[in-house]
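Okay, so here's the structure we're looking at.
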Amino acid sequence: MSVNKIIYATKKFGSFDVHHIKDNHTFFYIDIINITKFYSGLFNFILDENNLLNYAQSTSGIKFTPSKKNFATLYRHLYYYIDSENSEKDLSELDSDLATILQDEFDTETKNDGRTIVRLSKIGRIGEYIFHIFLSQFFNFNCIIPKLKLTTDSNMSVYGIDTLHLAKEERMILFGESKVTKNIENGINLINRSLKHYEKDIRDEFMLVLSNQQLKSDVFKEIFGDVEELCINFVDFIEKAELEIIGIPIFIAHGDETDITKILEKLESNLKRLKFFGLETRYYIISLPIINKNSFVSGITKQIRLRMDKYEYELGKL
């Protein structure tokens, strides 16, 4: 598709201009032309206490009020985004294309035994949280369970399905994938790699999460009742629940590219939209330009630490 032929529409979403064509959406924070104001405003949006509290408590409509419980909840929640242990991957165990992308995205280190490892940061967890805000507040999808609550090891923000939502009227389950990358090309390449084995990931997600009675949300039960208790796998669930549509939301927070037309053209032309389980498969593509990944990571990490210090101080006063 030629860049010059793209004609996009624009919607307002809070402090964002959302430019879109077909299933592609790019969220531009309004102060993107002023780097200082851009990061300040974007970080305030991300760390909005109402959004954080609603995500941490798996609900919606909660308004933040100063209290010991709320300060403690927010402190614990923010800890997940910056805990010091980063996972490591041996580059020799990865195919050359993935190794090249990860070397570009993350720090590498050569061990005494000659192995080169890449350190995978926790920034993906921030991406998953922003992704959740857009899906819940812009698209009005219902969250089944925040995936951060299922984090049991440091790899879960990098591998596996990143978000589970529902569209109630369409009876559509959405299995989402998110990336935070230095440029949009890396993000698209990583998403395309993930989608190659997404049917297996969805099958695993059903077995580990959707079929787990302790994790099932009220909104899921409202739509599907207890039908998953009668199913041995996701294909069985499709039949017994009479599922007709599956949703695949994609989120890429990326540096470098800030040209609206070029972003939308790359999303439209280069992101592969596969069909899963023979169902109608709807994509919801979200781009968030962050100008520079390193600046974004260092800035949001600093702001999170300041917030944690603030909440710890407030707890000591109450």
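The values are calculated or read from the model by the stated rules, or taken from the named source; none is laboratory data. These figures come from a predicted structure and were not determined experimentally. Methodologically, a virtual Cβ is constructed for each residue, glycine included, from the backbone with ideal geometry; neighbour enumeration extends over all protein chains shown. Accessible surface areas use protein heavy atoms only, side chains included; no ligands, DNA or RNA. Shrake-Rupley method; radii C 1.70, N 1.55, O 1.52, S 1.80 Å.
Some observations on this one:
- Only one entry in Asn294, Asn233 is out of contact with any strand residue (DSSP E or B) (no Cβ under 6 Å at 6 or more places or on another chain) and either over 29 Å from Leu195 (Cβ atoms) or at pLDDT below 90 (or both), namely Asn294.
- Phe220 closer than 30 Å to Leu52 by Cα and at pLDDT below 90: yes
- Counting the residues of region 42-91 that are open to solvent by less than 60 Å² (accessible area, probe 1.4 Å), modelled with pLDDT of 85 or more and not in a helix (DSSP H, G or I) gives 4.
- Restricting attention to region 116-133, the residues that are modelled with pLDDT under 70 and among the charged types (D, E, K, R) add up to 2.
- Scanning region 195-208 for residues that are open to solvent by less than 70 Å² (accessible area, probe 1.4 Å) and in contact with a helix residue (DSSP H, G or I) (Cβ under 7 Å, 6 or more places away or on another chain) gives Ile202, Phe206.
- Just one of the numbered conditions (1) of a type outside the set (A, V, I, L, M); (2) touching a residue at least 24 places away in the same chain (Cβ under 8 Å); (3) surrounded by 16 or more Cβ atoms within 10 Å (Cβ to Cβ) is not true of Ser269: (3).
- In region 155-164, the count of residues that are surrounded by fewer than 19 Cβ atoms within 10 Å (Cβ to Cβ), more than 30 Å from Ile291 (Cβ to Cβ) and either among the acidic types (Asp, Glu) or at pLDDT below 95 (or both) is zero.
- Qualifying residue in region 278-299 (condition: open to solvent by 70 Å² or more (accessible area, probe 1.4 Å), assigned to a loop (DSSP other than H, G, I, E, B), out of contact with any helix residue (DSSP H, G or I) (no Cβ under 6 Å at 6 or more places or on another chain) and not small (Gly, Ala, Ser)): no
- Region 232-243, subset among the hydrophobic types (A, V, I, L, M, F, W, C) and open to solvent by 20 Å² or more (accessible area, probe 1.4 Å), residue nearest to Cys143 (Cα to Cα): Ile238
- In region 255-276, of all residues being part of a loop (DSSP other than H, G, I, E, B) and in contact with a helix residue (DSSP H, G or I) (Cβ under 6 Å, 6 or more places away or on another chain), the one that is modelled with the lowest pLDDT corresponds to Glu257.
- Among the candidates Ser211, Ser194, the residue that is of a type in the set (Ser, Thr, Tyr) and in contact with a strand residue (DSSP E or B) (Cβ under 6 Å, 6 or more places away or on another chain) is uniquely Ser194.
- Taking the listed residues Asn186, Asn192, the one that is within 16 Å of the chain's Cα centre (by Cα), buried (at least 20 other Cβ atoms within 10 Å of the Cβ) and not hydroxyl-bearing (Ser, Thr, Tyr) is Asn186, with no other qualifying.
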